[in-house]
Amino acid sequence: MKYNNIKGSFILLTAAFLWGMAFVAQGLLAESVPPFAINFLRSYIAVIFLLGFIFIRDFKSKIPLFPKEKPDRKKLLTTGLFCGIAMWAATNLQQFGIGLYPKGVPSEARAGFLTALYVILVPAAMIFFKRRVHITVWLAVIISIVGIYILCASEGFSGIYLSDILIILSAVAFTTQILIVDMLGADLDGVKLSLLQFFVCGTISLLTSLILEQNTFTLSGVIDGILPLLYLGIVSSGIAYTLQIVGQKYANPAIASIVMSLESVFAALGGLMFGKTLAPHEIIGCSIMFAAIIIAQISDFLPKKVKA
């Protein structure tokens, strides 16, 4: 079991690194491709990748793409639809936020840590479903608010960008997507559910792009951003998601959530690799928010009697 935890943690650490670097790719793409277009392209690339993965995985066993039983098929399609809508909101709010940061602002670090708020919001949201929430979660919420203030508003409200607000809203949307999976998708094929949610997200993003981005979406922009786009579609959405599924089969759930939260740290490091620097108050704010993310997971390590 110990070996499995180490193996699973290493796989999840790789996924977290790939997700963290995705913030750099999103920042680079924002210079040449509008937000809705980015997300329909990366989503459809992910769909193609996952279709190939499913074909190779299920080829010998001849498992159909969708369940034969109508109730099972309906549940998969319905859950995929709801997850896709939530992901459409989350990814586009995040992309708009990253693209709107002024030049010189460490967008990768800010976006990475603000997005990671879902790690706190998910357990906090359990109160609405009449599930007990450990006191450490509420402590993490308070600490994260302090971290957000220092990161975004320690120099006054002029230090708060519209981008910060959009990315916090994207964290709420990611929370919604995670809760949908928790409530409806526990017994579903994770890769097929991911395929459907990317298809729905990509289709809605395509429609909104056709309506709102006709004057800003160009083929030359896509060509200029083809490498970060392929990274987002294949590596971040396709490979990293597959690694998450595999890694979570080995690692303890509490350990898994902490390892995956390192995505925010890798996002900050990715920005530093591309010449972005953090001001002292931004370093402090990010550190406090990361501490809140870790504290939110403490209850998973406590005995059940203590948790109650």
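The values are calculated or read from the model by the stated rules, or taken from the named source; none is laboratory data. What you are looking at is a predicted structure, and each value in this text was computed from that prediction instead of being measured. All Cβ positions, glycine included, derive from the backbone under ideal geometry; neighbour counts span all protein chains shown. Note: areas computed on protein heavy atoms with side chains; ligands, DNA, RNA excluded. Shrake-Rupley method; radii C 1.70, N 1.55, O 1.52, S 1.80 Å.
Is it the case, given these coordinates, that Y149 is surrounded by fewer than 22 Cβ atoms within 10 Å (Cβ to Cβ), more than 23 Å from L193 (Cβ to Cβ), more than 21 Å from the chain's Cα centre (by Cα) and touching a residue at least 60 places away in the same chain (Cβ under 8 Å)? So Y149 passes the test. Among the numbered conditions (1) open to solvent by 30 Å² or more (accessible area, probe 1.4 Å); (2) modelled with pLDDT of 80 or more; (3) of a type in the set (V, I, T), the only one that T175 does not meet is (1). Checked against (1) open to solvent by 40 Å² or more (accessible area, probe 1.4 Å); (2) in a loop (DSSP other than H, G, I, E, B), L188 passes all but condition (1). Taken together, L219, L229, L262 contain a single residue that is out of contact with any His (no Cβ under 6 Å at 6 or more places or on another chain), at pLDDT below 85 and hydrophobic (A, V, I, L, M, F, W, C), which is L262. For the stretch 33-68, the set of residues classified as over 30 Å from Q214 (Cβ atoms) and in contact with a Gly (Cβ under 8 Å, 6 or more places away or on another chain) consists of F53 only. In this structure, is V235 under 21 Å from the mean Cα position of the chain (by Cα), at pLDDT below 90 and either under 24 Å from I54 (Cα atoms) or open to solvent by 60 Å² or more (accessible area, probe 1.4 Å) (or both)? When the stated conditions are applied, V235 does not pass them. Checked against the criteria, F23 counts as open to solvent by less than 50 Å² (accessible area, probe 1.4 Å), assigned to a helix (DSSP H, G or I) and under 24 Å from G147 (Cβ atoms). Restricting the stretch 85-124 to residues that are among the β-branched types (V, I, T) and farther than 23 Å from F198 by Cα, which is farthest from the chain's Cα centre (by Cα)? My answer is V105.
All conditions but one from (1) in contact with a Lys or Arg (Cβ under 9 Å, 6 or more places away or on another chain); (2) touching a residue at least 40 places away in the same chain (Cβ under 8 Å); (3) under 28 Å from D72 (Cβ atoms) apply to Y161; the one that does not is (3). Based on what the data block shows, is G99 touching a helix residue (DSSP H, G or I) at 6+ places or on another chain (Cβ under 8 Å), under 28 Å from G147 (Cβ atoms) and open to solvent by 10 Å² or more (accessible area, probe 1.4 Å)? The answer is yes for G99. Here A86 passes the criteria (1) more than 24 Å from M183 (Cα to Cα); (2) of a type outside the set (F, W, Y); (3) in a helix (DSSP H, G or I) except the one numbered (1).
Here Q197 clears all of (1) of a type in the set (S, T, N, Q); (2) part of a helix (DSSP H, G or I); (3) more than 28 Å from L76 (Cβ to Cβ) except the condition numbered (3). Evaluate the following for S163: is it at pLDDT 80 or above and open to solvent by less than 20 Å² (accessible area, probe 1.4 Å)? Judged against the criteria, S163 is a match. Of all the residues in the stretch 119-133, those that are open to solvent by 50 Å² or more (accessible area, probe 1.4 Å) and in contact (Cβ under 8 Å) with a residue 60 or more places away in the chain number 1.
Quick check, is A256 closer than 15 Å to V122 by Cβ, surrounded by 21 or more Cβ atoms within 10 Å (Cβ to Cβ) and at pLDDT below 70? When the stated conditions are applied, A256 passes them.
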